[in-house]
Structures are given as structure tokens and as C-alpha cells.
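See below for the structure under consideration.
The values are calculated or read from the model by the stated rules, or taken from the named source; none is laboratory data. Quick caveat, the model's predicted, so the values are computed rather than measured. For neighbour counting, all protein chains shown are included, and Cβ atoms are generated from backbone atoms with ideal geometry for every residue, glycine included. In case anyone asks, the SASA skips ligands and DNA or RNA and just uses the protein heavy atoms, side chains included. Shrake-Rupley method; radii C 1.70, N 1.55, O 1.52, S 1.80 Å.
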Amino acid sequence: MGNMNLCFSGSGAKCLSLKFKNFVMKTITLSFFFLMLVSGNLFAQESGHFHGSEFCAHGKQMRPDIDISALRGPNSPRHTFDVLNYELDMDIYHCYTDPYPKSFSGSAIVTFRVDTLLSQIKLNAVNSSLQINAVGLAGVSFTHAEDTLTIQLDGNYHVGEIVDVSIDYNHLDVTDNAFNVGNGFVFTDNEPQGARKWFPSYDQPSDKATLTLRAKVPSNVKLGSNGRLADSVTTSDTTWYTWISRDPIATYLMVISSRVNYNLEIVNWISPGTNDTLPIRFYYNPGENPTNMMQMIIPLADYFHSIFGEHPFEKDGFATLNPLFQWGGMENQSLTSLCQGCWFSSLIAHEFAHQWFGDMVTCATWADLWLNESFATFSEALWIGEVSGQAAYKSQLNSNANYYLAQNPGWPLSNPQWAFSPPPNSTLFNYAITYMKSSCVLHLYRYLVGDSLFFSSIYEYANDTANFRYKSATTGDFIAKMSEVTGQDLEWFFNQWVYEPNHPVYNNTYSFEELGNNTWNVHFQANQVQTNAPFFKMPLELKIRFQGAPDTTVRVMNDANNQAFTLPFNNRPVGLTFDPDNNILLKQATTVVSNDFQPVSPLNYFIIEPNPAKEKFVAQFSLKETSLVSFTLSELNGRLIQETAEEQYSQGDHSKMIDVRNIPAGNYLVSLRSGKSISTKKLIVIR
Ligand SMILES: [Zn+2]
């Protein structure tokens, strides 16, 4: 049948960009416009696509590697309890004055719930940093060896019992890159395993606990930590700060940021959802000027609120540190650490997004770290798009993809073994993989399911109180949630992009065939030639240019290598562009006209009637030889609606009836698959 015009105007790609524009326009607020007027260069840092994620990555790579010698399993030391609260008291008064000793005396009360009958607990406590003096409350004796503090309890405790142990300890005068002291600064930097160097802790990312942190400091020191400032009491030259976090925190996100003569300003953001005030603290060094970021944080918070839901914490904040904190941003819960003078918009956007992804929903193991960094890095691009438009969003992601393609070290985003034995930090926090590639995977997911399902699934994930909010997620949990919300089994998609290394290398061919009677076929064969990864299944967009007619973009699902697609048109095709908007960011591709590419159609003919169809249609086809045949019905954007089982048909003429009573009125594509060849017809369903 040659008179079906496939030059439909609503190509998938065009819809994508228009929808995005509508989506973000709604979230631009009056205050945002006001800020644009009063501060013309507010977002000046955006030009040149400065990447906040790079700061995040470099700082983390410099931290000491995870010590795997003490790891015997994903929850080592063996997890027989769940920490509910840490109450820390630290006398760090002398750390601020010359010669800036790194030693302090502290005490910790660890409250935990018993998960297995036990009479002792094991905590992480690094011997070279911590000296344990005594234990108390339910603790009666202890040993401290091989970075493990074993506390003998005063009896057997049963499942569900809540137990307190106290620990008196000293931090030694050593440089451990977790408890940092120098020139009037005291700050901590934990990820991935620094907490155990300044307080005994069950230091695994999935065991989140609330925190009360009291610190004694000189009265000219400002000290910030997680949660809310419950109290600060000053008597002559001494101040006691008390910070209390209502919300559970992973130990790697617990923090102290403090210095003599810190500047502090507080911006109050009002949630449009609850009308609650969120104080956002800006601690900064003399000589720095965070004014632009203090202005930007309001529209940024509005925007993230609109796509991720309520800000999760009682306060938020940022603190710039000194050069001991090298090249870094660190998303400590409700108080991000920044390198000296690093008031950059993309860094602020990256770390602010981490409050939802990383802090509120935490990677359950270090094998799931890509979940933290993909969202934070992708959110930089979202914010750039919100400020500067869709082209800027795409440009940022193209730049991320190019970095990955140039620097790809060839390992996957996640290796399940990393939950048991994490790799060196240069691997775990590898910029090309954990940041750049992972951010692109979220765009590929967006391309796969479309804007509406993409944003609703992200929102549902971030607002799932039963499973994720203030809890942790494994990669499997995340995939299951995305599948649940979208109603699609997405395991194949995330498996290939998260657990397989590398990317597809397309070597495509196409040709045009004139059939006469004003009809043409476009033949397209999608070939992947990479040898360092298996086949990647993806929807492909093909933009076809015509003589004297508008361009058309068609989306087809490419689910087998060397698949051939035949698309009928009644205008003369003159050009074809593969993936015209570069939505498949993670690929290399060549697509050439091939005169050698003479696809041998397995069909003598293929027609569908009636068309339009109301209740059913009949596909009539004739096979040149016996083969397996199946049919798919999909939306114009490629989304699969229904699929028939593969059946064997002999050479000759056949017909197959397909029921469309359960399908809404609209335009669809009917594809007949025979071996690696796919022939497609447009079908109109009426009601
Ligand atoms: Zn980050």
C-alpha cells in the first residue's frame, strides 16, 4: 500500500523540547524575574559551562581510599544493630590557636536498636586517630584493635531493645584528612570513611542516625554542623554550640565547619508548598563575596522544590573552607562544604541537589554511589536549562558526554562487588564515569520514557516516605521504583547503562528506494560494532528530509543488532540524520548511504486494513520464505503498546487479525518483524 503519508508533524524530538519549555516556564517565579532585573550578571558563571561536579569529584578523589582490609562483608563490622542516635561532645577549644593541635577530648553516646541477640557491639574507630579511654552506660569493657572498637555490654540484649553506650575518647594530634585543623579552622571531611577517624561510629552509608553535636570553642569562633542550631552559650571567652539534627544522617555526611572570625549570613527561603521558612546559612571567609549565590539560592530552591518536592531538612547551608580542603565541594547534610572562595553557581546547584539525592536518599552501599552523583550532576544541567533554556541544558550534557567519550576508562557505573570491597577512590569517584557518564544516563532515561514519566518518576522516588525519603537506596531499589512509576520494566535499560561498561558504536547504513506511483521506501539498518560491550537496546530517532515537504522524525525501537527498518513515504526522501538531537549521548556513530545496502525484503507485500480501524484490523502479508513473524503496535514516539507472540508462517500469503478495542483513538505504528527485518505502517485508531 503506497498512499499512506508518514510525514506526521509531531516528531518525538520536537515534542520533547516543547514540553520541556512549558514545564520549566511554569516554575519561574516572580522573585526570579525580580532578581534578573536587579542583578544582570547573576548567572555569569554559567558561560563556558563550568562544572560544579568537577569540584565534587576532585576533592573526593584526594581523600584516603576505603580501607578494605577491615571489610568482611557489605555491613562489616557485622551488623547486628542499628544506630539511632549519636550524641557527641567535643572540647576543641585549643584547636583554633597556635600551634593548632589536632588533638581534642570527646565523648560519644551511641544509642542503638538491637537486631540480633547480642552481648557486644563493634564500631569503626581508627586506631591511628582515636584513643579510647573508657566505656560506660551499657558498655562494661572494650578492646580497640585493627580500627575496630569492640564494646562488651552488661548482659544479653534482645531484638528490639534500645541500648545506650558511652565512650570517652581522645582524637590524637595526627593529620588524618578527616578531622582537619589549621590557621583558625577546624573542619571535618568524611566521605567515604572519615567519620571513624573523629568519633567511634557504625560507619556504613546505609546506617543513618540522628545527631546531637556539642562543641566547646573560643568565643570568636563560628561553628556550623548538621541540623538546627539548638543552642549557643557564651561565657567570657568560650562558646558551647549545640546542633541537633531531627533527620537521620549517614555518618559520611556528618560535619563540623568552623573558623575564627567566620562571616555568616542567613537567607530565608519560604517553601511554596508549606509556607515554612528554611534558613540557608552562608559561612564565608573574610574577603569572599557570596552575594550572587545568596540571591540565586531562592530561585534554585523554588526550582528544585518544583521538581523534587519539599526540601528535606530543617535548614541548609554552605561553608567555604581553607586550602586544606583541596578542590572540593562536599554535600554534608544541610551544610555543604566548599573550597576556599568557591561561590560558583553550578557547584552550588550540584551540592544543593545532593540534599535530596545523596543526603535524603542515600546510596545504600558504595556500589550505589552513581545514584548520588548522577542526580547531582544532571541537576546542574537542569538548572542551567531552567536559567538559560533547553539548548543550554543540552549543551551541558553534550559536554559531559564528550568528556566521558574522551576519558572513558572502561569500567561500568556500578560493580556489585563494590558493595563488599570498594575500589580505590580514583575509581569510585572517577569523574568520567561516576559523574559525567552517570548524568548522561539520566538523560537517556528521560529520552526513553519522555518528560512526563521522567519527572513524575523522579518526584515519586524523592517523595516515597515508606522506602526512600530519609532512607537509602540500592541500584536495584531505584530500578524497581522507576519501573513501578512508569509502568515499564526498565531493568534492561539500567542493566545495560549501569552494569555494562562502555557504549554503543553505531555503524549504520541507509538507502532510499523509489517504488513508483509517488511512493518511496527508506531502508535503515542499525549496526553496532563495539567489541567491549554487548548490544545496547535503544529507541532510535531518524530525521528524514524530503524534496518539497517538511522533515519528519521517526522513532523506532532497535532491540537487536543489525536490525533493518523499512519506512514507506509518499514524498521523495533526500537525506537521513541518525539521532538528530543527539539524545543518545553515550555513543559513537557513523551513518552512511550505502548503495551496497540492498535490503532483501522478506515480504512480497504487507498491508493493513481497515485503516482507520475501530475494533480490529487485519494485517495481510506474503512471505518469500518460511519464517518467524511477530507484530508490534507502538505510539509514534516508539513506546510499545502491544506485541504479539512470535509465530512461524510458511512461504506465501497470510493474514493476522489484531484487536485494538482497548487502545485509545490516535495514530500508531504497526510493525511486522520477520527475522531482522522490520516493516512499518501507520495505523489510525478511531472511537
Ligand atoms: Zn557530588
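For segment 152-243, what is the accessible area per residue in Å² when the probe is 1.4 Å?
Each residue of segment 152-243 exposes 33 Å² on average to a 1.4 Å probe.
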In the structure shown, of Lys208/Lys537; Lys60/Lys208; Lys481/Lys681; Lys543/Lys676, the pairs separated by more than 31 angstrom at the C-alpha atoms are Lys208/Lys537; Lys481/Lys681
Taking the Cα centre of each part, how many Å lie between segment 518-534 and segment 114-155?
62
What is the magnitude of the charge dipole of segment 194-312 about its Cα centre, with +1 placed on the Cβ of each Lys and Arg, -1 on the Cβ of each Asp and Glu, and no other charges, expressed in debye to the nearest 20?
420
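Per residue, how large is the accessible surface of segment 246-293? Use a 1.4 angstrom probe and give square angstrom.
With all protein chains present, segment 246-293 gives 39 Å² per residue.
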If you line up the long axis of helix 52-61 against the longest principal axis of the chain, both from Cα atoms, how many degrees apart are they, to the nearest 10?
60
Calc'd 3J(HN,Hα), segment 513-527, phi into Karplus 6.51 cos²θ - 1.76 cosθ + 1.60 (θ = phi - 60°), Hz, glycine/Pro = x, comes to 10, 8, 9, x, 6, 6, 10, 9, 10, 9, 9, 9, 10, 9, 10
Shape call for segment 394-488, from the Cα gyration tensor axes a ≥ b ≥ c (a/c under 1.5 means rounded, otherwise prolate when a/b beats b/c, else oblate), comes out oblate
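Counting DSSP beta bridges in segment 269-416, what percent are antiparallel, to the nearest 5?
Details: 4 of 12 bridges.
Just about 35 percent of them are antiparallel.
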Taking H as built 1.01 Å from N, whose amide H comes closer than 5 Å to the amide H of Gln530, not counting residues under 5 places away?
Val505
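Given the peptides 223-231, 368-376, 128-136, arrange them by the average over their residues of other C-beta atoms within 10 Å, most packed first.
Details: 223-231: 20.6, 368-376: 26.0, 128-136: 17.1.
Going from most to least packed, we get 368-376, 223-231, 128-136.
Averaged over every viewing direction, what's the projected area of the C-alpha convex hull for the chain? Give it in nm², one decimal, please. The partial results should precede the final answer.
Details: hull surface 135.6 nm².
Taking the Cα atoms of the chain, their convex hull projects to 33.9 nm² on average.
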Considering only the chain, what is the antiparallel percent among its DSSP beta bridges, to the nearest 5?
85
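Probe radius 1.4 Å, ligands and nucleic acids left out: which of His79, His51 has the largest accessible area, and how do the rest follow?
Numbers: His79 60, His51 15 Å².
Sorted descending by solvent-accessible area, the residues read His79, His51.
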Which residue, Leu636, Gln620, Gln648, has the largest displacement toward the positive end of the dipole of segment 600-687 when charges sit on each Cβ (Lys, Arg +1; Asp, Glu -1)?
Leu636
Shape call, segment 600-687: gyration tensor on alpha carbons, a/c limit 1.5
prolate
Heavy-atom accessible area of Cys95, protein chains in place, probe 1.4 angstrom, given in Å² to nearest 10, is 0
Rounded, prolate or oblate for segment 322-438? Axes are the square roots of the Cα gyration tensor eigenvalues, ordered a ≥ b ≥ c, and the cut-off for rounded is a/c under 1.5.
oblate
Share of accessible surface on carbon and sulfur in the chain, whole %, 1.4 Å probe and ligands ignored, is 49
State the answer as a single residue: which of Val114, Trp343, Leu149 lies farthest towards the positive end of the charge dipole of the chain, with beta carbon charges of +1 for Lys and Arg and -1 for Asp and Glu, about the Cα centre.
Trp343
Let me know the charge dipole size of the chain about its Cα centre in debye, to the nearest 20, where only the beta-carbon of Lys, Arg (+1) and Asp, Glu (-1) is charged.
1760
Tell me, what is the per residue accessible area of segment 483-638 in Å², probe radius 1.4 Å?
41
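Let me have the relative contact order for segment 550-687, percent, based on Cα pairs under 8 Å that are six or more residues apart.
Values: 237 pairs, mean separation 38.5, N = 138.
About 28 percent, as a whole number.
Work out, step by step, the length gained on full extension between Asn582 and Asn517: first 0.36 nm times the residue separation, then minus their alpha carbon distance; give nm to one decimal. Walk me through the numbers before you get to the answer.
Numbers: separation 65, 0.36 × 65 = 23.40 nm, distance 3.46 nm.
My answer for the length gained is 19.9 nm.
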Amide H neighbours of Leu137 at under 5 Å, excluding residues fewer than 5 places away on the same chain, with H built from the backbone geometry, are Ser166
In terms of Cα to Cα distance under 22 Å, which lysines are near enough to Lys222, apart from those fewer than 8 places away along the same chain?
Lys102, Lys315
Alpha-carbon centroid distance for the pair segment 629-687 / segment 425-504, whole angstrom:
30
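Dipole of segment 600-687, Cα-centred, from +1 at each Lys and Arg C-beta and -1 at each Asp and Glu C-beta, to the nearest 20 debye? Display every interim value, and only then the final one.
Numbers: 11 positive and 9 negative charges, 57 e Å.
Taking the Cα centre of segment 600-687 as origin, the dipole is about 280 debye.
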Compute the separation of the alpha-carbon centres of segment 562-579 and segment 303-341 and state it in Å as a whole number.
49
Can you give me the relative contact order of segment 498-571 as a percent, contacts being Cα pairs under 8 Å and 6 or more apart?
34
Table column - 3J(HN,Hα) (Hz), segment 379-387, Karplus curve with 6.51, -1.76, 1.60, x for Gly and Pro
5, 4, 5, 4, 5, 4, x, 4, 7
